[in-house]
1. Given DSSP loops and a limit of at most 15 other Cβ atoms within 10 Å, what is the longest stretch of the chain that contains no such trypsin sites (Lys or Arg not before Pro)?
2. Using 0.36 nm times the number of residues separating Ala30 and Thr74, minus their current alpha carbon distance, what extension gain do you get?
3. Given the DSSP H assignment, sum -39500 (n - 2.57) over each helix run of at least 4 residues in the chain and divide by its residue total; what's the result at 222 nm in deg cm²/dmol, nearest 500?
4. Rank the residues Met1, Met89 as a footprinting-exposure proxy: fewest other Cβ atoms within 10 Å of their Cβ go first.
5. Report the gain in length on full extension from Thr2 to Leu65: 0.36 nm times residue separation, minus Cα-Cα distance, nm rounded to one decimal.
6. Treating only the Cβ of Lys, Arg, Asp and Glu as charged (+1, +1, -1, -1), what charge dipole size does segment 5-102 show about its Cα centre? Round to the nearest 20 debye.
Amino acid sequence: MTAPLLVFGWGNASRGDDALGPAFIERLRALALPGVECLDDYQLQPEHALDLVGREGVLFVDASLTCPAPLEVTALQPQRDASFSSHAMSPAALLQAYVDVHGSVPPPPRC
């Protein structure tokens, strides 16, 4: 069964990038929250659109140099952008890939 909420964090400490997303996911996983699935990876990729199937909401977690401390929550809309490449993909571009395949986007998480 697919958990209603997917929390997806990404980053790569070994490349010199941040690892905030995977570190957050590691701690969240330890809580074993019902109805929440945790996923981490080095970067977003088009095939991650499949991880959004059947969700009621998705929360993307990544570090930022520009958000106000301690964090910022932003609603995303699907969007084609230049990040779609073999090395980088934005959450908005991932949502657009999902829409291209499934015709709609998962709703935002209920807070």
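Only the coordinates and a few stated rules stand behind these numbers; no lab work does. Nothing here was measured: the structure is a model prediction, and the numbers come from that model. No Cβ is skipped: glycine too gets one built from the backbone with ideal geometry, and neighbour counts run over all protein chains shown.
1. With a cap of 15 other Cβ atoms within 10 Å, the longest stretch comes to 1-79.
2. 13.3 nm
3. The helix contribution divided over the chain gives -6500 deg cm²/dmol.
4. Fewest-to-most Cβ neighbours within 10 Å comes out as Met1, Met89.
5. Length difference between fully extended and current span is 19.4 nm.
6. Computed about the Cα centre, the dipole is about 80 debye.
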